[in-house]
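We did not get these values from a lab; they are worked out from the coordinates using the rules stated. Keep in mind that what you see is a predicted model, and the values were worked out from it rather than measured. Methodologically, a virtual Cβ is constructed for each residue, glycine included, from the backbone with ideal geometry; neighbour enumeration extends over all protein chains shown.
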Amino acid sequence: MRRREFIQMAACASAAAGIGASARAADGESRKFALPYAPHFGMFREHAGDDPVAQLEFMASVGFTAFEDNGMAGRSVEEQQRIAKAMERLGLRMGVFVANFGTAFGKKSFSRRDPAMLESFLSDLRSSVEVAKRVNAKWMTIVLGDLDPRQEMGFQTANAIEMLRRGAEVFEPHGLVMVMEALNPWRDHPGMFLSKIPQAYELCRAVDSPAVKILFDLYHQQVTEGNLIPNIDAAWDEIGYFQIGDNPGRNEPTTGEVNYRNIFAHLKRKGYTGILGMEHGNSKPGREGERAVIDAYRWCDELA
C-alpha cells in the first residue's frame with residue numbers, strides 16, 4: 001500500500017468514528033508531535049480563519065509546538081508583539097523569519113565586493129535583532145543572492161566569507177544565528193550563488209562563527225543533489241535549521257518521492273533540538289487539504 005493511500009484510509013476511519021466536531025479534533029487528537037514541525041500563516045486558514053492568533057491557536061491545538069513566518073520582519077511592531085504573546089501563551093517556539101528580503105528578491109549578492117551591499121546587509125541584520133527580541137526568535141534566514149558570471153568562483157567565495165564574517169559580528173553578541181539557505185538552481189532559483197550543502201558547509205567552516213549556520217531545505221536539496229541523509233550527516237555540525245517540502249510539487253510529506261518518515265526518525269536519533277519549518281504548500285484545497293497536511297505529519301512522525 002502506498003503511503004498516501006494509508007493516510008487517506010486513516011482519515012476516513014477517523015471520520016467514521018465521529019472525529020472532527022471541533023477545530024481541536026480536526027487531527028483526531030491533540031497530543032504534541034515528537035519533533036517541532038513549524039507551520040506558517042495561511043496553512044490552516046480554512047479551519048482557523050484569517051486572524052493570526054486564531055491560526056496559532058489551531059496549530060497548537062492539533063499538536064504543533066513551533067511556528068515560522070518568513071515575513072515577520074515586515075509586520076508592525078504591534079502585530080509582532082501580539083503574535084509573540086500568543087506564542088508564549090500557547091507554548092509555541094519561533095522559527096525563522098527572513099532577515100534580508102532585499103537580497104532574496106533583488107539582484108544584490110554576497111559574491112560581489114560592494115560596500116553598499118555590505119551596509120544594506122548589516123542594516124537588515126541590525127533591524128532583525130530588534131525583531132528577534134520581540135518575538136523570541138533565534139534563527140533568521142539569509143539568502144546570498146546571485147552568482148557573478150564575470151568573476152572566478154574562488155573570488156566570489158572569498159567575498160561571501162567576508163560578508164558573513166561582518167554579519168556574524170552583529171549577531172554574536174545577541175546569541176542569534178543567521179542560517180544560509182541553499183536554493184535549487186534547476187527549477188526555482190536559477191543563477192543563485194549558493195545552491196549546494198557542501199558549498200554552504202565550506203562557507204560555515206571558513207567563517208567559523210556560531211552565528212552562521214546552514215538552513216538545510218530538504219525540498220531544495222532533493223531537487224539539486226539528493227543524497228539527503230548522507231549530506232545531513234556530513235554537514236551535521238554546521239546545520240542550524242531544517243525546512244520541509246516534498247518533491248515534486250513542494251507540498252506536504254507523502255505527496256512526492258522523499259521518505260520523510262525515515263528522515264524524521266534519523267533526526268530524532270541524532271538528537272536534533274532545532275525547528276523544522278513547514279515551508280511548503282497544501283496538496284489539496286480547503287479543509288480536506290488542511291487535514292491531509294496534519295495526517296501526513298502524524299504518519300511521518302510515528303517513527304520519530
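Add +1 for every Lys or Arg and -1 for every Asp or Glu among the other residues with Cβ under 14 Å from the Cβ of Ile232, and state the total.
0
DSSP loop GluC sites (Glu not before Pro) in the stretch 126-194 with at most 12 other Cβ atoms within 10 Å of their Cβ, which ones?
Details: sites: Glu130, Glu152, Glu162, Glu169, Glu181; in loops: Glu152.
For GluC sites (Glu not before Pro) across the stretch 126-194 that sit outside H, G, I, E and B with at most 12 neighbouring Cβ atoms in 10 Å, the list reads Glu152.
Relative to the longest principal axis of the chain, what angle (0 to 90°, nearest 10) does the C-alpha long axis of helix 3-16 take?
40 degrees
Give me the number: length gained by fully extending Arg269 to Arg134, i.e. 0.36 nm times residue separation minus the C-alpha to C-alpha distance, one decimal in nm. The partial results should precede the final answer.
Numbers: separation 135, 0.36 × 135 = 48.60 nm, distance 3.25 nm.
So the extension gain works out to 45.3 nm.
Output needed for the stretch 246-304: three equivalent-ellipsoid semi-axes, defined as square roots of 5 times the C-alpha gyration tensor eigenvalues, in descending order, whole Å. Show your work: numbers first, answer last.
Values: eigenvalues 89, 26, 21 Å².
Whole-Å semi-axes of the equivalent ellipsoid: 21, 11, 10.
In percent, how large is the relative contact order of the chain, given Cα pairs closer than 8 Å and 6 or more residues apart? Display every interim value, and only then the final one.
Working: 552 pairs, mean separation 53.5, N = 304.
The value is 18 percent.
Suppose only helical runs count, i.e. DSSP H with n ≥ 4. What mean residue ellipticity at 222 nm does that imply for the chain under -39500 (n - 2.57) per run, divided by all residues and rounded to the nearest 500 deg cm²/dmol? Don't skip to the end; give the middle numbers.
On the way: 12 runs with 138 residues, N = 304.
Counting only the DSSP helices, I get -14000 deg cm²/dmol.
Got a sec? Which residues in the stretch 27-57 would a label at Asp188 touch, if it sits 7 Å along Cα→Cβ and we count backbone N under 11 Å?
Once the point is set 7 Å along Cα→Cβ of Asp188, nothing inside the stretch 27-57 turns out to lie under 11 Å by backbone N.
So for the pair Arg31, Lys284, with labels modelled 7 Å out along Cα→Cβ, what separation do we get in nm?
So the label points at Arg31 and Lys284 sit 2.4 nm apart.
Sort Lys138, Lys85 by Cβ crowding within 10 Å, fewest neighbours at the top.
Arranged by neighbour count, lowest to highest, Lys138, Lys85 become Lys85, Lys138.
Would you mind listing how long the stretch 107-220 runs along its three principal axes, going by Cα atoms, in whole Å with the largest first?
Dimensions of the stretch 107-220 along the principal axes of its Cα atoms: 39, 33, 25 Å.
Below 29 Å, Cα to Cα, which lysines can Lys138 reach? Residues fewer than 8 away in the same chain don't count.
List returned: Lys32, Lys85, Lys107, Lys108, Lys196, Lys213, Lys268, Lys270.
Taking Rh as the Kirkwood radius computed over C-alpha pairs, what is the Stokes-Einstein D of the chain at 25 °C in a medium of viscosity 0.890 mPa s, expressed in µm² per second? Before the final figure, lay out the partial values.
Numbers: Rh = 19.9 Å.
This corresponds to a translational diffusion coefficient of 123 µm²/s.
With Kirkwood's inverse mean 1/r over C-alpha pairs for Rh, give me the Rg to Rh ratio of the stretch 36-178, two decimals please. Intermediate results must be reported in sequence, preceding the final value.
Working: Rg = 17.2 Å, Rh = 16.3 Å.
My calculation puts Rg/Rh at 1.05.
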